[in-house]
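Chemist: Got a structure for you, written out below as structure tokens; questions coming shortly.
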Amino acid sequence: MREALFKKQNLEKWKRYEEEWKAKDSDALAERYIELTDDLAYAQTFYPQSNTTIYLNNLTGKLFQRIYVNKKESYSRIWLFWKTELPHLFAEVHPTLFLAFVWFGISALIGACSAAYDESFIRLILGDAYVDMTLDNIQKGDPLAVYGREDMVSMFLGITFNNIRVAFLTFVAGIFCSIGTAYLLVYNGVMLGCFQYFCYQQGFLKVSLLTIWLHGTIEISSIIIAGCAGFLLGNSLLFPGTYTRLDALKQAANNALKISIGLVPFFIMAGFIESFVTRQHLSTLPSLSIIVASFVLIVWYFVLYPWQLRKASTN
């Protein structure tokens, strides 16, 4: 559909929503918001740099603030953020998400290969204290005993806070033209690859895969997604398109912040699993069930569901 026809068919509705966006009827606001996000997704797909897209983005933002900022609104309105707003956003940033995934994956491969060719590399990356502790635990017959050393609740709070902090830093570091985000993804990827090779070298790779990836499936995926947010921020400065760099940065910062906020429940899930489940030494079948379920959740919510919403909005 040509932009002029799309605008002609919907302009009257948009103007009406713009005049009534302060309406107190929360149900009506929610319905309008969903309609506008569908229109915005369509405009971003077919007219990404047009004034129509900018107008819809601003109008949708007004309704978003009206729905979510008002403390008297019901929690069902907040649910719309995860149900509609965030998936629609991910439908637009899949290429950047793929970039973050590839960047992290290559970094993990480099970490594993470096550990294979240089024995000192493992201690350089993981630290002497951690390596020596793990070797001592191997001698005692429990190579991953580190997961059972701390109180469950304290461990849950500490891990969850640390994971959110890492994700936030990964996102904010993108302001340095994506270099900061790229560095943090490389750092975490190299560390993961190095650690997994260390597990292989010491003969407990299977145990580590079935144990660490119980929580690692969600945790590592969330770090990669935070990297996507950071790349969005940095790339807005490098490639502003037809926008001024300031306008491009504002829009990217808004989207990147939404992604970071949207990751919080996933970090809570990862922290819960690591603190209360990982230490239980589950057998193969339960471990695989949790790992597969976590993988399916991540792929469905961040890839398949946004793709389905985008496809439905363009039909």
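The values are calculated or read from the model by the stated rules, or taken from the named source; none is laboratory data. Fair warning: this is a prediction, and the values are worked out from it, not measured in the lab. Neighbour counts run over all protein chains shown; Cβ positions are idealised from the backbone, glycine included.
Residues checked against (1) assigned to a helix (DSSP H, G or I); (2) at pLDDT below 70:
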site: Lys7; (1), (2): yes, no
site: Trp14; (1), (2): yes, no
site: Ile34; (1), (2): yes, no
site: Thr45; (1), (2): yes, no
site: Gly61; (1), (2): yes, no
site: Glu73; (1), (2): no, yes
site: Arg77; (1), (2): yes, yes
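Chemist: Determine whether segment 272-287 contains at least one residue that is in a helix (DSSP H, G or I), at pLDDT 90 or above and of a type in the set (A, V, I, L, M).
Modeler: Yes: one or more hits.
Chemist: Tally the residues that are on the phi > 0 side of the Ramachandran plot and under 30 Å from the mean Cα position of the chain (by Cα), restricting the search to segment 88-145. So that I can check it myself, show each step before the final result.
Modeler: Here is the first cut: in segment 88-145, the residues on the phi > 0 side of the Ramachandran plot are 127, 141.
Of the ones still in play, those that are also under 30 Å from the mean Cα position of the chain (by Cα) are 127.
Result for segment 88-145: 1.
Chemist: Under 9 Å between Cβ atoms, which residue pairs at least 6 apart in sequence (or on different chains) link something in segment 240-256 that is hydroxyl-bearing (Ser, Thr, Tyr) with a partner that is modelled with pLDDT under 85?
Modeler: Thr242/Gln49; Tyr243/Gln49; Tyr243/Ile54
Chemist: Taking interchain pairs and intrachain pairs at least six residues apart, which have beta carbon atoms under 9 angstrom, with the first residue in segment 39-55 and assigned by TED's automatic domain parsing to the domain that holds Asn255 and touching a residue at least 24 places away in the same chain (Cβ under 8 Å) and the second assigned to a helix (DSSP H, G or I) and surrounded by fewer than 21 Cβ atoms within 10 Å (Cβ to Cβ)?
Modeler: Listed pairs, sorted by first residue: none to list.
Chemist: Next question, about the same structure. If you take the residues in segment 122-147 that are small (Gly, Ala, Ser) and in a helix (DSSP H, G or I), which one is surrounded by the fewest Cβ atoms within 10 Å (Cβ to Cβ)? Don't jump to the end; show me each part of the working.
Modeler: Quick first cut of segment 122-147, residues small (Gly, Ala, Ser) only: 127, 129, 141, 145.
Subset that is in a helix (DSSP H, G or I): 129, 145.
Working: Ala129: 9, Ala145: 15.
So the residue we want is Ala129.
Chemist: Looking at Ala248, Ala252, can you tell me which residue is over 18 Å from the mean Cα position of the chain (by Cα) and of a type in the set (A, V, I, L, M, F, W, C)?
Modeler: Working: Ala252 fails: over 18 Å from the mean Cα position of the chain (by Cα).
Selected residue: Ala248, the only one of Ala248, Ala252 that is over 18 Å from the mean Cα position of the chain (by Cα) and of a type in the set (A, V, I, L, M, F, W, C).
Chemist: Next question, about the same structure. For a quick check of your reading: which helices (runs of 4 or more DSSP H) sit entirely within segment 148-252 and have at least 3 residues that are in contact with a Cys (Cβ under 8 Å, 6 or more places away or on another chain), closer than 20 Å to Ile291 by Cβ and in the same structural domain as Ser114 (by TED's automatic domain parsing)? So that I can check it myself, show each step before the final result.
Modeler: On the way: elements: 152-172, 179-201, 205-238.
Passing ranges, in order: 205-238.
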